[in-house]
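Structure record follows, encoded as structure tokens.
The values are calculated or read from the model by the stated rules, or taken from the named source; none is laboratory data. As the structure is a prediction and not an experimental result, all values here were calculated from the model. Glycine also receives a Cβ, built like all others from the backbone with ideal geometry; neighbour counts cover every protein chain displayed. The protein model used for the area step is the full one, side chains on, heavy atoms only, and it has no ligands, DNA or RNA in it. Shrake-Rupley method; radii C 1.70, N 1.55, O 1.52, S 1.80 Å.
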Amino acid sequence: MNDITIEPQHASEGTDDDFFDDIRGKWVKLEAERRQTPEYRINNMEYDMSQADWFLSKVRGSDTYAQNLYAALCNNSFQKQDVWLILKDVYWSCTWRSAGGIVADLQDKGGDYMDWYCSGIGDGLGNGDTDGSRNFVSEGTVTDEIAADLALLSWRVADEPNSV
């Protein structure tokens, strides 16, 4: 098999790191703009969590709480306790990857979704809670504390038939 070398097509092209830094920068800018739109704020549990200082304080102050929030976001749908949205049968949910990203964003420590992704899978799979001392829970589990705090934000875990 021949070694294949890919040469830049133009002398002005930068490194792969420059390319990915540029893409990441553009993504961050687009995401910041999206979060400023009125549509982002409607029926969006991520937005509601990000606006409650007491909630952010809990996510930032405890990795156990952050992981339990990540686990709750996985495999569940949520419903805003708003009469119109309930009557319209409207739900909010996210993927496991998005859940990890949401928690990382709420923590605001410079991390990303991989800090939480699959953190509840269990012993030997890299979640850092091999002896159970960190009180991590499996994906889909909603602890009483998380359920109570989401209720304070006017959200509840829903029994939606098509949850993620």
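Within the range 34-92, being acidic (Asp, Glu) and either part of a loop (DSSP other than H, G, I, E, B) or closer than 19 Å to Ile146 by Cα (or both) holds for Glu46, Asp48, Asp53, Asp63, Asp82, Asp89. For the range 107-164, a tally of residues being over 15 Å from the mean Cα position of the chain (by Cα), among the charged types (D, E, K, R), open to solvent by less than 80 Å² (accessible area, probe 1.4 Å) and at pLDDT 90 or above returns 1.
Contact map, the range 33-59: residues that are free of Cβ contacts under 8 Å to residues at least 12 places away in the same chain paired with residues that are of a type outside the set (Phe, Trp, Tyr) and open to solvent by 90 Å² or more (accessible area, probe 1.4 Å), Cβ distance under 8 Å, separation 6+ or inter-chain. Pairs shown: Tyr40/Arg34.
Residues checked against (1) under 12 Å from Val142 (Cβ atoms); (2) open to solvent by 20 Å² or more (accessible area, probe 1.4 Å):
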{"position": "Ala71", "(1), (2)": "yes, no"}
{"position": "Asn75", "(1), (2)": "yes, yes"}
{"position": "Trp84", "(1), (2)": "no, yes"}
{"position": "Leu87", "(1), (2)": "no, yes"}
{"position": "Thr95", "(1), (2)": "no, yes"}
{"position": "Ile102", "(1), (2)": "no, no"}
{"position": "Asp105", "(1), (2)": "no, yes"}
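The residue that is surrounded by the most Cβ atoms within 10 Å (Cβ to Cβ), counting only those in the range 37-54 that are over 15 Å from the mean Cα position of the chain (by Cα) and hydrophobic (A, V, I, L, M, F, W, C), is Ala52.
Output the residues belonging to the range 1-60 that are more than 17 Å from Trp92 (Cα to Cα), among the small types (Gly, Ala, Ser) and modelled with pLDDT of 80 or more. Ala52, Ser57, listed by residue number. Does Ser138 qualify as being touching a residue at least 24 places away in the same chain (Cβ under 8 Å) and outside any strand (DSSP E or B)? Spelling it out, Ser138 is indeed touching a residue at least 24 places away in the same chain (Cβ under 8 Å) and outside any strand (DSSP E or B).
Can you tell me which residue is nearest to Trp96 (Cα to Cα) among those in the range 48-58 that are out of contact with any Phe, Trp or Tyr (no Cβ under 6 Å at 6 or more places or on another chain) and not acidic (Asp, Glu)? It comes out as Ser50.
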